[in-house]
Amino acid sequence: MDPNLVNLVSRLILLFGGDFFGFADTTAAKRAIELQGGELVSGYPRAISIGIALPGAIVDMLPMRSEPGVAVSYRVHCYEVINTRLDLISSSVAGLLQRHGYRALPLPASERIDDVVRASPDLPIDLYAVRRSDYLEDPSITGHDFGLPFRMVQRKRRAVFEPRAVALEKESRDLEDEFGRKVRMITRALRHVYSGSMLHRVPPVYALELFSHRLLRYETGILHLIALGTNAALVGQGLIYQITLGLQLAWLLLATFGRLRIRVPGAGIAYYYLLVTLATLVGNYRFLRFGTPTTWEKAEGTR
């Protein structure tokens, strides 16, 4: 795109109240875009992303999101009003590009398709922020959720916890939905794990934490299969193997009760544990067979 036109677009976005924007060449992701959005959007080789900062006063009240007033304020001013402003900016940008001889397709801002204010089902989660000078562009397709924190440690940066910084994440519909989320997360994180880059130039304690909470955590499915196979092979070699194999089979039976929604104490926990463990196997298979996916699935409740 002509640098002068890029400058005009940038000035227009700022004039209409946009706080963040970026220009991207999407030709490398054409196939993925076509699979997700169809030929309607895949024929455009460039994309402009626009963002608006949410009102700080409302964001600061999110820890009290269960209160109706806070939930309504968030819905109106952080969703409805912001989306309308984003749509106005994108329409104006599309008009400017068209006047300069380009085809432009303004896409509507994401919206929830229901009219119910749902504050309580959202889960508080941790998030992180970094100084602009410390931000690292990640050339991979894994995202920053896993890659950025350990790279900050490698650069001798220190994490400072801020309890007022709150993000919201909609909880899974059910255990099966949580299983799918775990598979997606693990598939994306394994590129960092198997490359070994996360263990370079980090303190010993932090390296041990990464080894335990990442490497071993993402291989629990394989470790469980090894333990089950070992007990099955040695069941005739002693009482200890018979007991441990019996416990493993009892646990699988309990998990089956959980899958069938049979009310047995501990069945739900056993089923959840089974799904989380199975997710590591599926995630490893998908990564080794297909690599890291280039796109996320479309978020529920968006158009």
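Taking residues in the stretch 44-59 that are in contact (Cβ under 8 Å) with a residue 12 or more places away in the chain, and partners anywhere that are surrounded by 15 or more Cβ atoms within 10 Å (Cβ to Cβ) and of a type in the set (Ser, Thr, Tyr), the pairs with Cβ atoms closer than 7 Å and at least 6 places apart or on different chains are ILE50/SER90; ILE58/SER73; ILE58/TYR74. When the stretch 223-240 is limited to residues that are touching a helix residue (DSSP H, G or I) at 6+ places or on another chain (Cβ under 7 Å), assigned to a helix (DSSP H, G or I) and among the hydrophobic types (A, V, I, L, M, F, W, C), the one that is nearest to PHE179 (Cα to Cα) turns out to be LEU228. Every condition in (1) modelled with pLDDT of 85 or more; (2) in a helix (DSSP H, G or I); (3) farther than 23 Å from GLY37 by Cα is met by VAL70 except one, and the failing one is (1).
The rows are residues; the columns are (1) touching an Asp or Glu at 6+ places or on another chain (Cβ under 6 Å); (2) surrounded by 11 or more Cβ atoms within 10 Å (Cβ to Cβ); (3) closer than 20 Å to GLY95 by Cβ.
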| site | (1), (2), (3) |
| --- | --- |
| ASP25 | no, no, no |
| LYS30 | no, yes, no |
| GLU39 | no, no, no |
| TYR44 | no, yes, yes |
| ILE52 | yes, yes, yes |
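Scanning the stretch 27-67 for residues that are among the small types (Gly, Ala, Ser), more than 23 Å from PRO106 (Cβ to Cβ) and part of a loop (DSSP other than H, G, I, E, B) turns up just one, SER66. All conditions but one from (1) surrounded by fewer than 16 Cβ atoms within 10 Å (Cβ to Cβ); (2) within 32 Å of the chain's Cα centre (by Cα); (3) at pLDDT below 90 apply to VAL264; the one that does not is (2). Among the residues of this structure, PHE257 counts as one that is hydrophobic (A, V, I, L, M, F, W, C) and at pLDDT 90 or above.
The values are calculated or read from the model by the stated rules, or taken from the named source; none is laboratory data. All of these numbers come straight from a predicted model, not from anything done at the bench. Glycine gets a Cβ as well: all are built from the backbone with ideal geometry, and neighbour counts include every protein chain shown.
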